Every structure is written in structure tokens, then in C-alpha cells.
Amino acid sequence: MLPLLKLLQDGRFHSGEELGAAMGVSRSAIWKQLQCLEAETGLPVHKVRGKGYRLANPLILLDEQVLRAQSAEGSWPISVLRSVDSTNAEALRRLLAREAPPFVLLAERQTAGRGRRGRSWISPFGENLYYSLVLRVDGGMRQLEGLSLVVGVALLHALRSAGLEAVGLKWPNDLLLNGRKIAGVLLELSGDPADVCHVVIGIGVNVNMLASEQHEIDQPWTSMRAELGRYFDRNELVRQLNGQLSRYLAKHFEFGFSAIKDEWQANHLWQGRDVVLHTGATPIEGKVLGVDSSGAICLRVAGVEQRFSGGELGLRLRDDS
Ligand code: BTN
């Protein structure tokens, strides 16, 4: 399927004859392969009599060769999977099978993408970024403190360098643009966090997905393409992301979260806002004061400062709103 998709990637019409010759198969075999391709990827193919076949929408596949060529020396090895349940789940399986970190897994599609708090992460073929970076952590809990927030800051810079100036953070590590979610981070651990363990840093970015495609997402969302008004090459985003992650992770490793905390707070869109924190059975209402040196959120609740290390923030609606 992938070689056929690569031939169609240019978005131009290709006759069945031309595709057959390139693939070394008959025209009818091409027709069957195109049916499979549509069924497997969900990518619509236009078929026009006298012209041939072309992809209905633009597509630039993730390309290991391109990614390798653009990587700095000594950077993390990258594998691109065509389809996987979840890049995080696959990373955890590879750790169990003793694959040595660091490494990055990318996928064109996830069939069971995982979001925070048990949510699923919609992951259609070829449209978005599904990225997992696996690292060994042997500095104990200190090395994990604030880590997911640091990843959010790195991702923020990767998106800004792509032209999304107005992107900001929502605790703990959502990235929002104009009140809509554009990216999220899910950290998963394997091993003993107090001793030697591995962390899987899962990042999902809505890159080329459009609302007109009717994806079932239960919260307001946007994508790079929707905001920039043009198709975006995910290989370029991976380059930016790897660069920003290696910079911020090195700083975090050396100085801890306290060295990045001010920058995180300066980019927190809900700083000073009245919020509701959903954690446990009873929602907690308070005002956002900031985060502490472990990345926990500090809220003023009924006049008293309290810290919370998990949960989901929502804005508190006023009675008159
Ligand atoms: C969130 O809920 O905001 C976190 C979303 C994280 C999604 C990414 S996509 C790559 C990696 N693999 C997964 O299954 N989830 C993360």
C-alpha cells in the first residue's frame, strides 16, 4: 500500500496504466489496491474517467529518510509506523522487549490513540502528528518533577516557530489556540519512578485535520492547517519538536523545573483566572495563582492557597455569563 500511496502523494492524476507500470502489476490490480488503500487509510481517492486517479486531499507522508537527513548529529533514532494502536503503547511494549532508549516512534495512524484521563485521541491516517519519545530516567523523582510541563513549553516553541504565535498553555500540558485545543501531552512511566525507570513522552498535534472532515472530538479543537490556512509538512514539525525537546529536556535535566517555571507561567493562558478543578468526586473552585517547583497547580480556594498535582481545569462561568 505504501509504494502506491507514495506515487499518489504528489496530488496529480495518474492513469491506471502508469501506476501499474510503476508497481509492476496490472491495471485491475491497481484498482483493487486503491480500494484497499481507501478502506485501510480512509483517504479518499478521486477517480476521473480519462484522467486516472489522484488523492482528494494533499498528503506528505512521514519519511524516515527525510527525518534522518534533517536530524542533528547524535539525535534520537526515529521509526515511522504505518498503523499502530498507540505509539505510547507500542513504546511501552518495546521497552518490555528490551529495546534500548532513547528512541522516537511516529505513526501515520493510531487505532487506539490515548489521551489524558482515559480519553481517546482521534488519530486519522496521514493528517496529524502522533509522536512518542522514550527516555531513561535514573535521577529519581526530581528528574520527573514538572517534566510534562517542560514538554508543553518545548511543544509551544515548536508550534510558534511554525507560525502559530498566539498558541499558549493550559495546565498541565494542553496547548490552546483561540480557546481551542491544538495539541496535548501524555506521559507514561515504566519501572520504579523512585529508582531507574523509563518515561514515554507522548505528543499529539492536530496538524492537517479539518473540522469539515467530521471527526468526533468532544471538546473545541483546531489544527495547524485550520489556523495557518495551508497544508503543513509533518516532517518539518518533527524537526522543530526534536530540537526544542532536546534543548528544554537538557535544561530540565541540569537545573530542574524551577529553571523553566517562570517561562511556563508566562505562557499559561489561564493564569489569574477563576477555574474549576475536576479531581476526585467534588469539583474545586479557585483562582489560578501559578505552579510550584514540582509542576503542581496552585489555586486560591476560599482564601487559602492549595496545591494539586492532578486533574482537569475548566473555566468557572460567572452567574451572569
Ligand atoms: C491529551 O489528552 O491531551 C494527551 C494526548 C496525547 C496523544 C498522543 S498521540 C501520540 C501518543 N500516543 C498516544 O496514544 N497518545 C499520545
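The values are calculated or read from the model by the stated rules, or taken from the named source; none is laboratory data. Keep in mind the model is a prediction, meaning the values are calculated, not measured. Positions of Cβ are generated from backbone atoms using ideal geometry, with glycine treated the same way; all protein chains shown enter the neighbour counts.
Contact map, segment 291-310: first residue under 15 Å from Trp264 (Cβ atoms) and free of Cβ contacts under 8 Å to residues at least 60 places away in the same chain, second residue of a type in the set (D, E, K, R) and assigned to a strand (DSSP E or B), Cβ cut-off under 8 Å, separation 6 or more or different chains; pairs are Asp292/Arg307; Ala296/Arg307; Cys298/Glu305; Cys298/Arg307. Within the set Asp195, Asp218, Asp233, the sole residue that is away from the ligand (no atom under 14 Å from the Cβ) and surrounded by fewer than 15 Cβ atoms within 10 Å (Cβ to Cβ) turns out to be Asp195.
Among the residues making up segment 67-107, a single one is of a type in the set (D, E, K, R), in a loop (DSSP other than H, G, I, E, B) and within 14 Å of the ligand (Cβ to nearest atom): Asp85.
Based on this model, can you work out whether Ser190 counts as of a type in the set (Gly, Ala, Ser), in the same structural domain as Arg160 (by TED's automatic domain parsing) and outside any helix (DSSP H, G or I)? Spelling it out, Ser190 is indeed of a type in the set (Gly, Ala, Ser), in the same structural domain as Arg160 (by TED's automatic domain parsing) and outside any helix (DSSP H, G or I).
Would it be correct to say that Glu227 is under 16 Å from Ile182 (Cα atoms), at pLDDT 95 or above and either over 17 Å from the mean Cα position of the chain (by Cα) or in a helix (DSSP H, G or I) (or both)? Against the criterion (under 16 Å from Ile182 (Cα atoms), at pLDDT 95 or above and either over 17 Å from the mean Cα position of the chain (by Cα) or in a helix (DSSP H, G or I) (or both)), Glu227 qualifies. State yes or no: is Val207 β-branched (Val, Ile, Thr) and not in a strand (DSSP E or B)? So Val207 passes the test. For segment 171-181, enumerate the residues that are in contact with a strand residue (DSSP E or B) (Cβ under 7 Å, 6 or more places away or on another chain) and near the ligand (Cβ under 10 Å from one of its atoms). Within segment 171-181, Asn173, Asp174, Leu175, Lys181 meet the criteria.
Across segment 130-144, the qualifying residues are those that are among the aliphatic types (A, V, I, L, M) and surrounded by fewer than 24 Cβ atoms within 10 Å (Cβ to Cβ), and the one among them that is farthest from the ligand (Cβ to nearest atom) is Met141.
For segment 108-129, a residue qualifies if it is among the hydroxyl-bearing types (Ser, Thr, Tyr) and either near the ligand (Cβ under 8 Å from one of its atoms) or part of a loop (DSSP other than H, G, I, E, B) (or both), and the qualifying residues are Thr111, Ser123.
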